[in-house]
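Written out below as structure tokens is the structure these notes cover.
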Amino acid sequence: MNPSNTPMDEAVAAIFSGTTSLIVIAFYVVFAIAAWKMFSKAGYPGILAFIPIVNVILVVKIAGYSAWMSLLYLIPIVGFIFAIFVALRLGANFGKGGGFSVFLLWMFPIIGYFIIGLGDARYQPRAH
């Protein structure tokens, strides 16, 4: 065995280091705060934003889909496409356009959720 570390060993060590974990937790807390405000506007308890799987189910329900459809996220290509549809319907339910939905609800959801949650957007579910 070679006692020297390979670049792959160093990469794995960086992924599981304490600093990376703290950064991921910080991003999750910021996401949950943004989702809390959006859930509150949609009439759901905001505290559910901190529960990992439940928050995805609620985003799908707020978008107007059945909660069971959140299982589509588990299918590789279908989940990617379904995320775009959820973002578009979520934006429509809060009175936002397609550009906002694609860029700020699908690509950068933390920013989009803060804009919806803290802005003047109102939740008006539409019949699609």
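The values are calculated or read from the model by the stated rules, or taken from the named source; none is laboratory data. No experiment lies behind these values; they were computed from the predicted model shown. Neighbour counts are summed over all protein chains in view; Cβ atoms, including those assigned to glycine, are modelled from backbone coordinates with ideal geometry.
Of note:
- Given (1) within 25 Å of VAL24 (Cα to Cα); (2) touching a residue at least 12 places away in the same chain (Cβ under 8 Å); (3) not hydrophobic (A, V, I, L, M, F, W, C), number of the condition GLY79 does not satisfy: (2)
- Extreme residue, nearest to the chain's Cα centre (by Cα), among residues of region 15-57 that are farther than 20 Å from GLY112 by Cβ and not β-branched (Val, Ile, Thr): PRO45
Rundown of residues vs (1) within 18 Å of PRO45 (Cα to Cα); (2) modelled with pLDDT of 95 or more; (3) among the acidic types (Asp, Glu), yes/no style:
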{"residue": "ILE62", "(1), (2), (3)": "yes, yes, no"}
{"residue": "LEU71", "(1), (2), (3)": "no, yes, no"}
{"residue": "PHE82", "(1), (2), (3)": "no, yes, no"}
{"residue": "ALA87", "(1), (2), (3)": "no, yes, no"}
{"residue": "GLY117", "(1), (2), (3)": "yes, no, no"}
{"residue": "ALA127", "(1), (2), (3)": "no, no, no"}
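- Positions within region 39-61 being in contact (Cβ under 8 Å) with a residue 60 or more places away in the chain, closer than 17 Å to ARG126 by Cβ and either part of a helix (DSSP H, G or I) or basic (Lys, Arg) (or both), in sequence order: LYS41
- Filter result for VAL12 (of a type in the set (Val, Ile, Thr), surrounded by 10 or more Cβ atoms within 10 Å (Cβ to Cβ), farther than 13 Å from GLY117 by Cα and touching a Phe, Trp or Tyr at 6+ places or on another chain (Cβ under 7 Å)): no
- Of the residues making up region 62-97, just one is assigned to a loop (DSSP other than H, G, I, E, B) and in contact with a His (Cβ under 8 Å, 6 or more places away or on another chain), namely GLY64.
- Considering each residue of region 7-17 in turn, none proves to be of a type in the set (Phe, Trp, Tyr), part of a helix (DSSP H, G or I) and without any contact (Cβ under 8 Å) to a residue 12 or more places away in the chain.
- Within region 101-113, the set of residues being over 11 Å from the mean Cα position of the chain (by Cα), touching a residue at least 12 places away in the same chain (Cβ under 8 Å) and surrounded by fewer than 19 Cβ atoms within 10 Å (Cβ to Cβ) comprises VAL102 only.
Conditions tested, residue by residue: (1) within 13 Å of ILE116 (Cβ to Cβ); (2) out of contact with any Pro (no Cβ under 6 Å at 6 or more places or on another chain); (3) surrounded by 16 or more Cβ atoms within 10 Å (Cβ to Cβ).
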position: ALA67; (1), (2), (3): no, yes, no
position: LEU72; (1), (2), (3): no, yes, yes
position: ILE77; (1), (2), (3): no, yes, no
position: ALA87; (1), (2), (3): yes, yes, yes
position: LYS96; (1), (2), (3): yes, yes, yes
